[in-house]
Every structure is written in C-alpha cells, then in structure tokens.
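Asker: Quick one: the structure is below, and I'll ask about it shortly.
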Amino acid sequence: DAPRAAGSVAAFGAMVLTASLGTYDVWAFSRAYYDSNLGPRIAMMVSGIIASTVVGSCAGRYLFRPSPTGETPRPVVRWAFAGIATAVVAFLVWARFVRPDFAGLEHAMDGPLGVAEVLPWAKTLSYLWLEWYLGPLLVAVGFAALIWMTGRGLFSHDRLWLPAAGVGFATTLLYLYSPSITPDQPWAMRRFVAVSIPLLLLAAGVALESFGRRRPPWSAVGAGALGILLLIAPLRVTGRLADTAPGRSLAVRFNQICAIAHEEPSAILVTPAQALGYTIPTALQAWCDIPVAGAIGSVTPGEIRTLALQWRAEGRRLLILSTSPAGLVGVGVDAVPVPGPPLTGPEGSVTHAPARIVPDRRIAQSDDGVVPLFLVDVG
C-alpha cells in the first residue's frame, strides 16, 4: 500500500497546488470575478479534492489486485469501463447529431435577446464549436483516441497518459454539456482552448504514432496520410486569421499609458467607465502593475481632487483615463490624447467560426473600432 499512499499524497498536493494557483489568479488579475458567487465554488472545490483523494485511495485496493508485474484491474473495472465508454460515445453522438438546435437559435436571435441570453440554444451547438476549428475528422479521432488512451492506461502498465485523459474527458464533457459562457465565437472557445483542444490533438497524435509502429509496413504510411488529413481543417480555419493580432492596438495605448504612469508612482482612475469598464481597468492594472480602478458612474471634480489628495498621501499621483474629454471637464488640467489605431479582431458570430477580420465592436463599442482615450495628470 505504500506506493498507493504516495500516489494519493502526490495527487492531493497537485490538486491543492493547481486550485490555489487558479484562485490566486482570479483574485489578483480578475478581481471582478472574485465575488460572492465564488464562495460556494471554493467550498465545492475543496470538498472535491478531499473526497477524490479519500475515495481514490480507499477504492484502489478493491479495484486493482497485486500481480507480479504490478497492479491488475479486477473484472469490475473492465465492466465499468465498457459501460462508461459506451455512455460517452452515446453522449458524443447525441451532442453531434441530435442536440444541435439551429432553428431555435435563429428564432432566439431574431428577438430582443442579447448574445449572452441566447446561450440556452447556442450551447446545443457546443460539439460543433470544436468541429468549426478542428474539423469533424480530427474531433472524432481525438475523442476515440482519448477513450483508447484511458483503456490503455487502465489495462496495461503504460499509465503515463491516464491522468491527462481522465482530466481531459471530465473537463470536455462538462463544457460540452454546459459551457456556461457568452456563446459568440471565437471567445466561447475559452472553455475548450486550455485543456480540451490540446488533449484532443495530443491524443490523436499518440494514437497515430502507436498505429504507425505496427508491424505491417503500410501502417506508417496510413498513419502519416491520416495525420495530414487531420491538419487540413485547422489550417484552413486559422489561415484566414493568421495575420491578425487582436490586442495589438490596445497594447499600443497601454504602453503609452504605462510609460507615463511609471515616471513616478501612480494610480489610475478610469472614468467614465461605461464604455470600457469591463475591459480596461483590470487589464491595465496587470499590464502596468499599478493600482487601477473604474468609476461606476460619473465622478465630480471635487471627488477627483479628494481622491488625488488621498493617493498623494500614500505617495502616488492620480492619473485619470477617460474615453472623452467631457469626462474631465472641471478638473482644471488639459486632457492629453492617447493615440492608437482602431481595434480589429475576428468576426464575432454565434452560428459559425470567424472567417474575416472586422472592427472590434465588442471592446470598442463603436462601429469603426475607434477607441478615443484621454489621460490627465491630476497630481
């Protein structure tokens, strides 16, 4: 039992480490998401870590038996794997061929609902989201390979990929069923780009490599040909957008602002924040590594001067960043424009992958992608 106990401790430590890093990342860089809604999720995460460690450690002795070459799964594991694999395949077939509701989505989009509000219909296309970028063949091969890798890890002593396959399956199936994200592309793919897509690609590659090593000489040729076929769809989609850098325009502005802010210790207030309140403050704070906040409503000149005195008492000057000079009237200091090219990005859509570069109305909130920014040194 010593190796199993060591493995349980290692798994517990890995889960604690990754959960702690994720929680700190939200707290430090996406503070707007660190709210009361996160409290129950942290408790659930801690409970899941403890339960999975205890159950995994205790169940191991009943699911595997010692053998001369290591631990061998008992018959119940084979039956359970066969049942779970069959259920997963049935779910994937349902998600691909039965679940998509294009008619319902089009009807919802014709009404007054916003993009986020059509998620109940848009999420029925979640399997197709993967196909839009990877192609149907690569997605199918990737899922088949993940099932094969899981079985290989359970029923042989080559268990290198077993943890990755398990995590990949759990994460991907969860987000296929309920992505819980604003469904416009390509932004909705944030749910899949961190774990699911890399694992599908790696699983397909591992399966092809294993197939290519088989004894018949045509196996290597077949694996190579299939590998080339798998790459056609991703290259076709990404080739359309290869020359774009969606954040470049805003980065040009941020670099100018940071250069001014770093001349001496500073703090920045973004006002009025209605247009970019969910974009600029948190991103600018991470970019410049200084305190940045966004005003919820209008701020009077008197409030700005009071805030400037408070920051000065802490050894920092106050800079005001606004999307219009009108937001700085009465402060008593001239607004300095922060120039930069219009914002552009992939075409946003709920029904297909982006196919062209257009003005980024999502961030700029203007038809031409122009974002006027003005900076004032209040002192």
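The values are calculated or read from the model by the stated rules, or taken from the named source; none is laboratory data. Because the structure is a prediction, the values reported are computed rather than measured. Here Cβ is always computed from backbone atoms with ideal geometry, including for glycine, and neighbour counts include all displayed protein chains. Remember, those area values only see protein heavy atoms, side chains included, never the ligands or the DNA or RNA. Shrake-Rupley method; radii C 1.70, N 1.55, O 1.52, S 1.80 Å.
Asker: Can you find a residue in the range 16-31 that is among the basic types (Lys, Arg) and either modelled with pLDDT of 80 or more or more than 33 Å from the chain's Cα centre (by Cα) (or both)?
Answerer: Keep residues of the range 16-31 that are among the basic types (Lys, Arg), which gives 31.
Then keep just the ones that are either modelled with pLDDT of 80 or more or more than 33 Å from the chain's Cα centre (by Cα) (or both); that gives none.
Within the range 16-31, not a single residue is among the basic types (Lys, Arg) and either modelled with pLDDT of 80 or more or more than 33 Å from the chain's Cα centre (by Cα) (or both).
Asker: Please enumerate the residues belonging to the range 318-346 that are modelled with pLDDT of 80 or more, of a type in the set (Val, Ile, Thr) and assigned to a loop (DSSP other than H, G, I, E, B).
Answerer: Answer for the range 318-346, where residues must be modelled with pLDDT of 80 or more, of a type in the set (Val, Ile, Thr) and assigned to a loop (DSSP other than H, G, I, E, B): just Val338.
Asker: OK, next. Of all residues in the range 295-317, how many are under 15 Å from Val376 (Cβ atoms), modelled with pLDDT under 90 and either crowded, with 17+ Cβ neighbours inside 10 Å or within 34 Å of the chain's Cα centre (by Cα) (or both)?
Answerer: Final tally of qualifying residues: 5.
Asker: Applying the selection to the range 334-360, what residues are open to solvent by 30 Å² or more (accessible area, probe 1.4 Å), closer than 24 Å to Leu128 by Cβ and without any contact (Cβ under 8 Å) to a residue 24 or more places away in the chain?
Answerer: Glu347, the sole residue that qualifies.
Asker: Inspect the range 84-98 for any residue being of a type in the set (Ser, Thr, Tyr), in contact (Cβ under 8 Å) with a residue 24 or more places away in the chain and open to solvent by 80 Å² or more (accessible area, probe 1.4 Å) and give the result as yes or no. Spell out how you get there, then give the answer.
Answerer: Of the residues in the range 84-98, the ones of a type in the set (Ser, Thr, Tyr) are 86.
Next cut, in contact (Cβ under 8 Å) with a residue 24 or more places away in the chain only: none.
Within the range 84-98, not a single residue is of a type in the set (Ser, Thr, Tyr), in contact (Cβ under 8 Å) with a residue 24 or more places away in the chain and open to solvent by 80 Å² or more (accessible area, probe 1.4 Å).
Asker: Another question about this same structure. Determine whether the range 237-255 contains at least one residue that is over 28 Å from Leu128 (Cβ atoms), in contact with a Cys (Cβ under 6 Å, 6 or more places away or on another chain) and at pLDDT 90 or above. Explain how you work it out, then say what you get.
Answerer: Step one: list which residues in the range 237-255 are over 28 Å from Leu128 (Cβ atoms), which gives 248-255.
Imposing the further condition that a residue be in contact with a Cys (Cβ under 6 Å, 6 or more places away or on another chain) reduces the set to none.
Scanning the range 237-255, I find no residue that is over 28 Å from Leu128 (Cβ atoms), in contact with a Cys (Cβ under 6 Å, 6 or more places away or on another chain) and at pLDDT 90 or above, so the answer is no.
Asker: Considering every residue within the range 151-162, establish whether at least one is open to solvent by less than 30 Å² (accessible area, probe 1.4 Å) and acidic (Asp, Glu). Spell out the reasoning first.
Answerer: Of all residues in the range 151-162, those open to solvent by less than 30 Å² (accessible area, probe 1.4 Å) come to 151, 153.
Checking the rest, the ones that are also acidic (Asp, Glu) come to none.
No, because not a single residue in the range 151-162 is open to solvent by less than 30 Å² (accessible area, probe 1.4 Å) and acidic (Asp, Glu).
Asker: For the range 256-273, what are the residues that are surrounded by 15 or more Cβ atoms within 10 Å (Cβ to Cβ) and assigned to a loop (DSSP other than H, G, I, E, B)? Explain how you work it out, then say what you get.
Answerer: Here is the first cut: in the range 256-273, the ones surrounded by 15 or more Cβ atoms within 10 Å (Cβ to Cβ) are 256-258, 260-261, 266-273.
Residues satisfying the conditions are Thr271, Pro272, Ala273.
Asker: Scan the range 213-236 and give yes if some residue there is of a type outside the set (A, V, I, L, M, F, W, C), part of a helix (DSSP H, G or I), under 23 Å from the mean Cα position of the chain (by Cα) and within 21 Å of Leu176 (Cβ to Cβ), otherwise no.
Answerer: Applying the first criterion (of a type outside the set (A, V, I, L, M, F, W, C)) to the range 213-236 yields 213-217, 219, 222, 224, 227, 234, 236.
After this cut, where a residue has to be part of a helix (DSSP H, G or I) as well, the list is 219, 222, 224, 227, 234, 236.
When the remaining residues are screened for being under 23 Å from the mean Cα position of the chain (by Cα), the result is 234, 236.
Among the residues that remain, those that are also within 21 Å of Leu176 (Cβ to Cβ) are: 234.
Among the residues of the range 213-236, at least one is of a type outside the set (A, V, I, L, M, F, W, C), part of a helix (DSSP H, G or I), under 23 Å from the mean Cα position of the chain (by Cα) and within 21 Å of Leu176 (Cβ to Cβ), which makes the answer yes.
Asker: Something else now. Kindly indicate whether Arg61 is outside any strand (DSSP E or B), modelled with pLDDT under 80, within 20 Å of Leu17 (Cβ to Cβ) and among the charged types (D, E, K, R). Reasoning before the result, please.
Answerer: Values: outside any strand (DSSP E or B): yes; modelled with pLDDT under 80: yes; within 20 Å of Leu17 (Cβ to Cβ): no; among the charged types (D, E, K, R): yes.
For Arg61, the condition - outside any strand (DSSP E or B), modelled with pLDDT under 80, within 20 Å of Leu17 (Cβ to Cβ) and among the charged types (D, E, K, R) - is not met.
Asker: Restricting to the range 220-255, give me the number of residues that are polar (S, T, N, Q) and open to solvent by 60 Å² or more (accessible area, probe 1.4 Å). Even if it seems obvious, please write down each step before you answer.
Answerer: Kept after step one, since they are polar (S, T, N, Q), are these residues of the range 220-255: 238, 244, 249, 255.
Filter once more, keeping what is open to solvent by 60 Å² or more (accessible area, probe 1.4 Å): 238, 255.
Result for the range 220-255: 2.
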